[in-house]
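Encoded as structure tokens, the structure appears first; notes follow it.
The values are calculated or read from the model by the stated rules, or taken from the named source; none is laboratory data. Given the structure is predicted, the values throughout are model-derived calculations rather than measurements. We place every Cβ from the backbone using ideal geometry, glycine too, and count neighbours over all the protein chains shown. Heads up: the accessible areas ignore ligands, DNA and RNA and are worked out on the full protein's heavy atoms, side chains in. Shrake-Rupley method; radii C 1.70, N 1.55, O 1.52, S 1.80 Å.
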Amino acid sequence: MAVAAEKAYYRFLVLFFTCLLTFGSYFCFDIPSVLQDQFQGNLTCQNGTYTEHSDDCVEGLGMSPEEYNLLYAIYAWIDAVAVILAGFLIDKLGNRFGLFLFSFLIVLGSAIFALGSHFKGTPYLLPLMLTGRLLFGAGNGSITIVQSRLTAFWFKGKELALAFGLILSFSRLGSVLNFFFTQPFESHYGVQWTLWGGTILCILGFLAAITVSILDNIGMKQLGLDGTMQEESKKMQMQDILHLPLRYWLLVLTIMFFYNGVFPFVADASKFIQDKYEGYDQRTAAYVAGAVYDIALVLSAAAGMIIDYVGMRGVLAVLCAVLTIPVFALLAFTFVPPLVSTLWLGVTYSFLAASMWPSIPLVVPQAILGTAMGLATSVQMLGIGLCNLIVGKILGTKFSEAKIPLWRWQQMMIFMLANTIACIGTSVALNIVDKKQGGKLNKMSKRADSKDESDCIPILNMKNGKYQG
């Protein structure tokens, strides 16, 4: 008789609480994007300066565009460093260690970030908020590695892309709710209380971490695997990442270049929409910018189901990159309503994320999966962090009470377009290499009840310096 942990309902119960790990942190991540006017607004409105979008002065924290983009850049930088160490530690010490440590860092970082907002007009504001963002980034990037490792174990050879899609949907639900509710909440209660509200949502993620840790522990014991994964991981050394297959590195670069065009764009999209298009106030612009995540919320799980059924992961990556080119061309050179572009970007983002991230467990061993996912996230965040800095330089360093010139926004969109073209190149190379090595990425997943393990996650078996799977 099968134990509870072997049944479908148990792995989906684990998945539900795994999805909740990042709901609150994804809500917090883009709060600055929604409140960009407030972050870059005047310290006081007594000087009589006004925005171009209303008759009232926007009182805020007094950041420049460069300082504002630094909030995103430092998140990406620390993420890039932390996730490598986090992946290695998770592989060595287990999922439960990572769940507690990284969810705590998320709570601590969001609390310090909120605390920093109380020091506007002082030299302490930027250092405190950057410190909070740094700790928050270290925790949030690392917790996604635990999510991926848990999901890859419980759904290997089954509904893997669907499970990754559901995680993305839950995470983006946090992003979507942020774009809908943060600005109205801030208008009633102010920036400080809004940021503290985000901290409370991160505490809910910490409680979810405790729950999923208990479920994972019980399930592993029922399956007789408690400690087995750690024994396998002891065979792995950090230098073994040098033997990861070429397909893995092409996957990583494809993800990085595509995300370089999504996250830096969303970070500044609300301001861009208000500056370029007539008739958009801050709230409406935030809704339009958040449409990228609205679509991801709706489509990610469905995209995962489709990919599990048809495969074609590598082909979808090329298709998504090609179809993203018109997005930034429309934004740069036309006045087509921006909602068209953000909805369009949301579709391509959903399918590429649902096809590429679940592909990593197919080409690396389970015992080194944490390290591999951490390295992939690190490269992704290095790219995003660099792009945030470049975007900050393109848009200028002055306070943003007035509109940023349209030519600066056009340069930013051209830069986003260049990253998308690079993504096409790496995704085409990925398909060529994958075809030479058996075309595994474009094969459909095995049914959940299939006894054929050929499409399951590779085992740790080093021969001639290469992993077998």
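A few comments on the model shown:
- Residue under evaluation Trp77, criteria (1) buried (at least 18 other Cβ atoms within 10 Å of the Cβ); (2) more than 17 Å from Gly392 (Cα to Cα); (3) modelled with pLDDT under 85, criterion not met: (2)
- Any hit, segment 286-305, residues being under 24 Å from Asn431 (Cβ atoms), open to solvent by 10 Å² or more (accessible area, probe 1.4 Å) and over 17 Å from the mean Cα position of the chain (by Cα): yes
- Of all residues in segment 148-177, those satisfying the criterion of being closer than 11 Å to Asp308 by Cα and among the aliphatic types (A, V, I, L, M) are Leu160, Ala161, Leu162, Ala163.
- Checklist (1) of a type in the set (A, V, I, L, M); (2) open to solvent by 10 Å² or more (accessible area, probe 1.4 Å); (3) farther than 18 Å from Ile74 by Cβ; (4) at pLDDT below 85 applied to Met381, failing item: (3)
- Only one of the listed residues (Val252, Val327, Val322) is out of contact with any Gly (no Cβ under 6 Å at 6 or more places or on another chain), within 16 Å of Ile360 (Cβ to Cβ) and at pLDDT 85 or above. That residue is Val252.
- Top-ranked residue of segment 59-71 - restricted to ones that are assigned to a helix (DSSP H, G or I) and open to solvent by less than 10 Å² (accessible area, probe 1.4 Å), ranked as nearest to Arg408 (Cα to Cα): Pro65
- Test: residue in segment 106-121 that is outside any helix (DSSP H, G or I) and of a type in the set (Gly, Ala, Ser): yes
- Test: residue in segment 189-200 that is at pLDDT below 85, aliphatic (A, V, I, L, M), surrounded by fewer than 19 Cβ atoms within 10 Å (Cβ to Cβ) and not in a loop (DSSP other than H, G, I, E, B): no
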